[in-house]
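Colleague: This is the structure, below, for whatever I ask next.
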Amino acid sequence: MTLKQLSYFLKIAETGNLTKAAQLLHMSQPPLSYQLKALEEELGVELFVRDARNMHITNEGIYLQEKAMQILSLVDKTADEIQKISRHGIISINIGTVTSINHNLLPKLVAVYKERHPNAVFNIYDGSSFRIMDLLNNSVIDIGLLREPFPKDLYSYLPIKANTLTGEDENDYFVVAGRREVFPERQEDSTIALVDILDSPLIIHRRFEDIFLAKCQEINNKPKNIICRNDNIMSTIEWVDNGLGLGIMPYTSSLLISAPDIQVKKIINPSFYSNLYMVWNQGKKLPDPLQEFISLFHSVPFESRLF
């Protein structure tokens, strides 16, 4: 498998047509067809199903497409970084992060780092904790900022402490967010017991469902009406904003809510948490500029570290 074959494969996947792909690659169709056939034979799978006009990508092809994009991106990024370092002494830092951290905490730390290193360049990859681990495993990013659970035996990690908004000694607790009319009681309290929301229509990120159900089991109860499970915290927030139900999320995620008429209450009896971590590949020696950036998570004054 060569980089050229992967590049050809991606162009075919993009166009769904050998003739169009060959034209965009400025080559004739036969050698392109030959390279695709050689790639399929090496992998032992069909990457496309052909019909008279088009080529339809298979499940194996979809998987390779994601990986090929990561591989070629890493190659391009590496070449670009080497050239920048050679020409200008550029510091390049590649970070994968869940949305809530990138929305508030990360830009503040980047601003501090840029004051010290004006030539620093940041490549940010937003996504779920699962995507961040995948990017780490493929060396696309240097460090990841994600939520537990994750396989701690596979990575080196540091906890990202809570902040003044949650209380200096308290981790990132779960809240329920919703329009006033959706809450079971129109109360101004900043907290609500877990049992009091279990009859309401609920919206939850799949990553948080297991811990939520475990806490329900602790009080010998269960939710009656989970109306939406999703893979993106912004989906939860959009559903909440449209009055479809109550959203279960970590407090720092609730800070992404911009609608002024959404109430956010801490869930108590019992409370539960979603701790944040910085992770990197185990055994990997981090360069000095990256270690300096990591140190900011402990050296920046606590008052500045608002999610």
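Colleague: Considering only residues that are open to solvent by less than 60 Å² (accessible area, probe 1.4 Å) and among the acidic types (D, E), which ones fall in the stretch 1-58?
Modeller: The answer is E40, and nothing else.
Colleague: Let me ask something else about it. With respect to E66, is the statement that it is open to solvent by 70 Å² or more (accessible area, probe 1.4 Å) and within 30 Å of N275 (Cα to Cα) true? Spell out how you get there, then give the answer.
Modeller: Numbers: open to solvent by 70 Å² or more (accessible area, probe 1.4 Å): yes; within 30 Å of N275 (Cα to Cα): yes.
So E66 fits the description; yes.
Colleague: I'm trying to understand the selection: among the residues of the stretch 115-146, which are open to solvent by less than 10 Å² (accessible area, probe 1.4 Å) and either without any contact (Cβ under 8 Å) to a residue 40 or more places away in the chain or within 16 Å of the chain's Cα centre (by Cα) (or both)? Break it down into steps so the answer makes sense when it comes.
Modeller: Filtering the stretch 115-146 for residues open to solvent by less than 10 Å² (accessible area, probe 1.4 Å) gives 120, 129, 132, 135-136, 140-141, 143-146.
Answer for the stretch 115-146, where residues must be open to solvent by less than 10 Å² (accessible area, probe 1.4 Å) and either without any contact (Cβ under 8 Å) to a residue 40 or more places away in the chain or within 16 Å of the chain's Cα centre (by Cα) (or both): S129, I132, L135, L136, V140, I141, I143, G144, L145, L146.
Colleague: Going by the structure shown, is T191 buried (at least 17 other Cβ atoms within 10 Å of the Cβ) and either modelled with pLDDT under 90 or under 19 Å from V264 (Cα atoms) (or both)? Before you say what the answer is, go through the steps one by one.
Modeller: Numbers: buried (at least 17 other Cβ atoms within 10 Å of the Cβ): no; either modelled with pLDDT under 90 or under 19 Å from V264 (Cα atoms) (or both): yes.
So T191 does not fit the description; no.
Colleague: Just a yes or no: is a residue in the stretch 2-18 more than 23 Å from Q70 (Cα to Cα) and more than 32 Å from the chain's Cα centre (by Cα)? It would help to see each step written out before you state the result.
Modeller: At the first step, the residues of the stretch 2-18 found to be more than 23 Å from Q70 (Cα to Cα) are none.
No: zero hits.
Colleague: Take I62 and tell me if it is closer than 15 Å to K11 by Cα and in contact with a Phe, Trp or Tyr (Cβ under 6 Å, 6 or more places away or on another chain).
Modeller: On the way: closer than 15 Å to K11 by Cα: yes; in contact with a Phe, Trp or Tyr (Cβ under 6 Å, 6 or more places away or on another chain): no.
Considered against the rule, which asks whether it is closer than 15 Å to K11 by Cα and in contact with a Phe, Trp or Tyr (Cβ under 6 Å, 6 or more places away or on another chain), I62 comes out as no.
Colleague: Regarding N220, is this residue without any contact (Cβ under 8 Å) to a residue 12 or more places away in the chain and among the polar types (S, T, N, Q)? Working first, answer last.
Modeller: Numbers: without any contact (Cβ under 8 Å) to a residue 12 or more places away in the chain: yes; among the polar types (S, T, N, Q): yes.
So N220 fits the description; yes.
Colleague: Which condition does K152 not pass, out of (1) under 25 Å from L246 (Cα atoms); (2) at pLDDT 85 or above; (3) part of a loop (DSSP other than H, G, I, E, B), if it passes all the others?
Modeller: Only one criterion in (1) under 25 Å from L246 (Cα atoms); (2) at pLDDT 85 or above; (3) part of a loop (DSSP other than H, G, I, E, B) is unmet by K152, namely (1).
Colleague: Being part of a loop (DSSP other than H, G, I, E, B) and either aromatic (F, W, Y) or more than 18 Å from the chain's Cα centre (by Cα) (or both) narrows it down to one of K215, K222, K266, so name that one. Working first, answer last.
Modeller: On the way: K215 fails: part of a loop (DSSP other than H, G, I, E, B); K266 fails: part of a loop (DSSP other than H, G, I, E, B).
Among K215, K222, K266, only K222 is part of a loop (DSSP other than H, G, I, E, B) and either aromatic (F, W, Y) or more than 18 Å from the chain's Cα centre (by Cα) (or both).
Colleague: Just to be sure before I move on: is S258 assigned to a loop (DSSP other than H, G, I, E, B) and closer than 19 Å to S190 by Cα in the structure I sent? Break it down into steps so the answer makes sense when it comes.
Modeller: Working: assigned to a loop (DSSP other than H, G, I, E, B): yes; closer than 19 Å to S190 by Cα: yes.
For S258, the condition - assigned to a loop (DSSP other than H, G, I, E, B) and closer than 19 Å to S190 by Cα - is met.
The values are calculated or read from the model by the stated rules, or taken from the named source; none is laboratory data. Everything numeric here is computed off the predicted structure, so don't read it as measured data. Glycine also receives a Cβ, built like all others from the backbone with ideal geometry; neighbour counts cover every protein chain displayed. Quick note on the areas: whole protein, heavy atoms, side chains included, nothing else; ligands and nucleic acids left out. Shrake-Rupley method; radii C 1.70, N 1.55, O 1.52, S 1.80 Å.
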